[in-house]
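Shown next, in structure tokens, is the structure this report addresses.
The values are calculated or read from the model by the stated rules, or taken from the named source; none is laboratory data. No experiment lies behind these values; they were computed from the predicted model shown. Quick reminder, even Gly has a Cβ in these numbers, built from the backbone with ideal geometry, and neighbours come from all protein chains shown. These area figures cover heavy atoms from the full protein model, side chains too; ligands, DNA and RNA do not enter into them. Shrake-Rupley method; radii C 1.70, N 1.55, O 1.52, S 1.80 Å.
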Amino acid sequence: VAVNRFLTDGQQNALPGALALFQHNFVANTSGTIKFTTSTVSNPNNVNWPVILYNDLNCNGAIDSGEPIITANDGVTVNAGDNVCQVLKVNVPYGLNDGATSTTTITATIDFSNTSPVIQQVLQRTDIVTVSTTEAGLVIIKSVDKPQALPGETLSYSINYENLGDEPISQVEIIDETPTFTTYLNSQCGTLPSGITCSITAPQVGAGGTIKWTFTGTLQPGQSGT
């Protein structure tokens, strides 16, 4: 049975009172019925962050008119090759200080068709929102060029970043880890916005570890890079 995939983790900075949107995609490689649930942990833990999961019917990463809310009781039937896209909306409460966080885990549980007793696969993704009055516009999205790979094949990961706020952001660093069961090959600074330079700290080729992109200059509102 081909393994299903659930993409991808997200992290954003946001101002108090703002909205944060995260896009996810369940790639079905076998038929079955999926149920999506969410659980949220906040810091400080006495603050409620409203969280709503939407069915992104056109997979455009936005909440469009008529797109329904996904509840824990909703079962989504899929066939091999189907994509089920979602958008998670997180409302940032007012009155929070810098550094307050909300961590939401989305759990996708698929019951495989034609199995008795029922065989399940459980996949999870995590979205983190951090309150920041200085870097509230920074959005980072990570993607991969294929959902699975055979031993010896290469996976190419891309990290897109954008300043969606109305203030410039300086001293930006992006830190990532080589995924489990993979080793490092190479990394690039990619497409840089005007006025930004980049340096990379990375593990040795064939090893695992941390890759860090350090940017000098100021990321202006509306600027983005990869």
What Kirkwood radius, in Å to one decimal, follows from the Cα pairs of region 112-154?
15.5
Just to confirm my numbers, what's the Cα centroid distance between region 172-215 and region 99-141 in Å?
24
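Show me 57-65, 196-204 ranked by packing, highest mean number of other Cβ atoms within 10 Å first.
Details: 57-65: 11.6, 196-204: 13.3.
Order by mean packing, descending: 196-204, 57-65.
Find out how many positive minus negative residues lie around G10, taking Lys and Arg as positive, Asp and Glu as negative, among other residues whose Cβ is under 11 Å from that of G10. Intermediate results must be reported in sequence, preceding the final value.
On the way: positive: R125, K142; negative: D9, D127.
Result for the local shell: 0.
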What does region 87-226 give for Rg and for Dmax, in Å, if only its C-alpha atoms count?
18.6, 60
Relative contact order (%) - criterion: Cα under 8 Å, at least six apart; region: the chain:
21
Aspartates and glutamates within cross-link reach of K142: Cα-Cα under 20 Å, excluding same-chain residues under 8 positions apart?
D9, D56, D127, E153, E162, E173, D176, E177
May I ask you to give the solvent-accessible area per residue for the chain, in square angstrom, as obtained with a 1.4 angstrom probe?
55
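Of all accessible surface on region 1-135 at a 1.4 Å probe, what whole percent is carbon and sulfur?
Carbon plus sulfur share of accessible area: 47 percent.
How much net charge surrounds I70 when only other residues with a Cβ under 13 Å from its Cβ are counted (Lys, Arg +1; Asp, Glu -1)?
Charge balance in the 13 Å sphere: -1.
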